[in-house]
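Each reported figure results from applying straightforward, stated rules to the coordinates on display, with no laboratory input. It should be emphasised that the depicted structure is a prediction, and the values quoted were computed from it without experimental measurement. Reconstructed Cβ throughout: ideal geometry from the backbone, glycine too, with neighbour counts over all protein chains shown.
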Amino acid sequence: MTKYWIAVMILLLSGCAGVMPPQGFKFGQVPESKGTHLLDEGIKSYTDGSYREAVGKLQGALNAGLSDPDKVMAHKFLAFTYCISRRETLCREEFTKALTIDPKFELTPAEAGHPMWGTVFRSVKRNFK
């Protein structure tokens, strides 16, 4: 009878192996969403100079769903992309969207001094004070 219970316990415990978290998973860790993944890819495309690809991925990230801080980041990089592409109206609109989500949003000192979007950002920011 003891061998029977040991066999049952082994079967029950081996069935639990299929519900274990993936290797490298840490409890309390939130899995990356599709939106977050696209945001990361969009920022990488931007830094690589692939602006058209960056716009597609950043818009895709926003459409897929992001937290508010990540939405602000996506709008910021969309604004940068549009300013670099000399599309100031779209640049201004993206900064407006970012500031609508977070009126306290600021660029880093290096970003704020950029000749292509620094003045655009400051102009938009004045409307949120």
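Observations on the model:
- Length gained when the stretch Glu93-Asp68 is fully extended (0.36 nm per residue, less Cα-Cα span): 7.3 nm
- Around Asn63: net Lys/Arg minus Asp/Glu count, Cβ-Cβ under 13 Å: +2
- Among Ser33, Val124, Ala98 the positive-end extreme of the charge dipole of segment 31-128 (Cβ point charges): Val124
- Here the contact order of segment 31-128, divided by its residue count and restricted to Cα pairs under 8 Å and six or more residues apart, works out to 21 percent.
- Segments 39-48, 91-100, 109-118, 63-72 sorted - mean Cβ within 10 Å per residue, highest first: 91-100, 39-48, 63-72, 109-118
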